[in-house]
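*Asks:* This is the structure, below, for whatever I ask next.
The values are calculated or read from the model by the stated rules, or taken from the named source; none is laboratory data. The structure displayed is predicted, hence computed values, not measured ones. Cβ sites come from the backbone with ideal geometry, for glycine too, and all protein chains shown count toward neighbours. Accessible surface areas use protein heavy atoms only, side chains included; no ligands, DNA or RNA. Shrake-Rupley method; radii C 1.70, N 1.55, O 1.52, S 1.80 Å.
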Amino acid sequence: MFSKKEDSKKTNDAVGSKKNVPIIGTSDLEKMIKAAGTKTARETLVIEFMDALMLYANQNRASDVHLEPKREGMAIVRLRVDGMLRDEFEIPYSLHSQSVARLKIMTNMRSDEHRAPQDGRFSFKTQVETVDVRASIIATVYGEKVVLRLLSGATHGLTLEDLGFSETDLQRLRAQIKKPWGMILATGPTGSGKTTSIYAVLEELNRREVNISTIEDPVEFKLGDVNQSQVDRPAEFTFATGLRSLLRQDPDIIMVGEIRDKETAKIAVNAALTGHKMLSTLHTNDAPTTIPRLMDMGVEPYLVASTFNCAVGQRLMRRVCEKCAKEISLTKAEAVKKLPEATVKLVFKDKDSIEIMEAVGCEACGKSGYHGRIGIYEVLVNTLEMQSLIAQRAESTVIREKAIQQGMTTMEEDGARKLLQKVSTLDEFMRVLHE
């Protein structure tokens with residue numbers, strides 16, 4: 001059902017590699033397993049399979065690899081590409097169980113433990129980079145499931161311009177970055193690119209005359225001249241305890257991977273209050289909700305008002321594949337039948353029709369119609385009027401209205417702009433912002 005098509009067995013090139021890496025299909029694996037008559041041969045097969053799978057995932061721009069046992073005698077390999085999971089091919093359960101055992105050895109997990117969740121790390125090399133992999137294994141009703149997070153350097157080293165900020169949002173954000181203290185927060189759901197945005201800000205601030213220290217869980221990419229520390233819960237080194245320690249390290253700029261509890265929030269605000277520049281991420285739906293969220297964590301309104309610089313709300317929208325996308329004309333009358341009224345007003349404004357792109361699908365994009373992603377943003381800046389609202393514990397809707405009056409472009413407006421610029425499609429716009 002989910003077997004890879006025959007053309008997937010063709011030889012592909014690894015990213016930036018001059019060597020050809022064969023992609024292993026289901027029939028190839030079954031033949032190899034049947035031919036493996038000895039224990040040594042079977043171990044060699046698993047090693048070759050895992051090596052080929054990692055290279056295949058990397059060359060297909062996958063952020064995650066799922067190895068899922070589904071029923072007796074079968075497992076499925078799935079890849080998350082551009083934020084969307086897709087089925088790649090089936091593998092025999094015997095190979096799946098051996099692959100799990102191989103991963104436990106590679107990541108120093110307990111090989112005799114099959115019920116408790118386990119985590120580990122390993123890395124592999126292509127001809128252009130070393131890719132770090134975070135492995136997670138958890139027991140399911142059909143066996144142990146594996147998820148591998150590939151931390152490729154493809155998104156490392158991106159500048160703020162590369163991330164897709166509009167010129168206006170870029171100016172607003174950079175004005176806040178230049179302030180000598182205060183909090184700059186990236187907000188959004190899991191997988192919305194918050195950490196990448198914070199890293200881009202750090203790269204812009206990274207100079208020899210300043211001391212930048214971070215506490216992360218985990219350290220995803222190593223930044224030159226930045227002192228990066230990683231959360232270690234067995235050693236009781238959490239975001240909160242790590243942040244306290246960083247404050248004794250003479251920092252100019254501090255980055256905390258995530259503000260996830262009251263203790264961390266209060267220490268972060270105190271750090272910003274005492275003259276440090278504080279960068280972090282927060283899980284909220286949009287930028288205006290950031291302020292009530294901090295107060296829900298027990299931070300006093302007057303402290304939020306005096307330490308908060310700006311919040312960047314964001315999502316990731318898939319870019320339409322340039323090789324197969326086609327341009328279509330959409331009239332307002334057609335749009336009214338299938339889109340919310342607010343969306344029609346936002347996209348069409350005073351026009352009766354618009355020219356947009358439609359995803360088609362080809363070999364270059366894996367038949368998805370999309371290739372790569374771009375951020376859509378809203379940058380909320382803390383002004384004097386905003387500080388007054390914060391002190392009054394204003395709701396997020398009131399804060400949003402005031403921010404829009406003061407020039408904030410909403411994520412919906414930024415997404416509509418990128419839609420009209422033919423960067424993405426209407427379907428993707430609706431999926432990201434309204435699904």
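*Asks:* Determine which member of the set Leu294, Leu243, Leu279, Leu247 is open to solvent by 10 Å² or more (accessible area, probe 1.4 Å) and either in contact with a helix residue (DSSP H, G or I) (Cβ under 8 Å, 6 or more places away or on another chain) or among the basic types (Lys, Arg) (or both).
*Replies:* Answer to the check: Leu247.
*Asks:* In the list Ile399, Ile376, Ile404, which residue meets the criterion of being open to solvent by less than 20 Å² (accessible area, probe 1.4 Å), modelled with pLDDT of 95 or more and assigned to a helix (DSSP H, G or I)?
*Replies:* Every option except Ile399 fails the conditions.
*Asks:* Identify all residues within the stretch 50-74 that are more than 19 Å from the chain's Cα centre (by Cα) and assigned to a strand (DSSP E or B); write none if there are none.
*Replies:* Leu67, Glu68, Pro69, Lys70, Arg71, Met74
*Asks:* A follow-up question, please. If Thr126 satisfies all but one of (1) in contact (Cβ under 8 Å) with a residue 24 or more places away in the chain; (2) surrounded by fewer than 17 Cβ atoms within 10 Å (Cβ to Cβ); (3) under 30 Å from Arg315 (Cα atoms); (4) in contact with a Gly (Cβ under 9 Å, 6 or more places away or on another chain), what's the number of the condition it fails?
*Replies:* (2)
*Asks:* Just checking, how many residues over the stretch 313-327 are open to solvent by less than 10 Å² (accessible area, probe 1.4 Å) and under 23 Å from Met408 (Cβ atoms)?
*Replies:* 3
*Asks:* Consider the stretch 229-240. How many of its residues are assigned to a helix (DSSP H, G or I) and either touching a residue at least 40 places away in the same chain (Cβ under 8 Å) or open to solvent by less than 70 Å² (accessible area, probe 1.4 Å) (or both)?
*Replies:* 3
*Asks:* Contact list please: Cβ distance under 8 Å, first residue in the stretch 278-292 and of a type in the set (Lys, Arg), second residue open to solvent by 10 Å² or more (accessible area, probe 1.4 Å) and part of a loop (DSSP other than H, G, I, E, B), pairs at least six apart or on different chains.
*Replies:* none
*Asks:* Could I ask something else about it? Considering every residue within the stretch 189-205, establish whether at least one is open to solvent by less than 50 Å² (accessible area, probe 1.4 Å), of a type outside the set (Lys, Arg) and more than 18 Å from the chain's Cα centre (by Cα).
*Replies:* Yes - at least one qualifying residue is present in the stretch 189-205.
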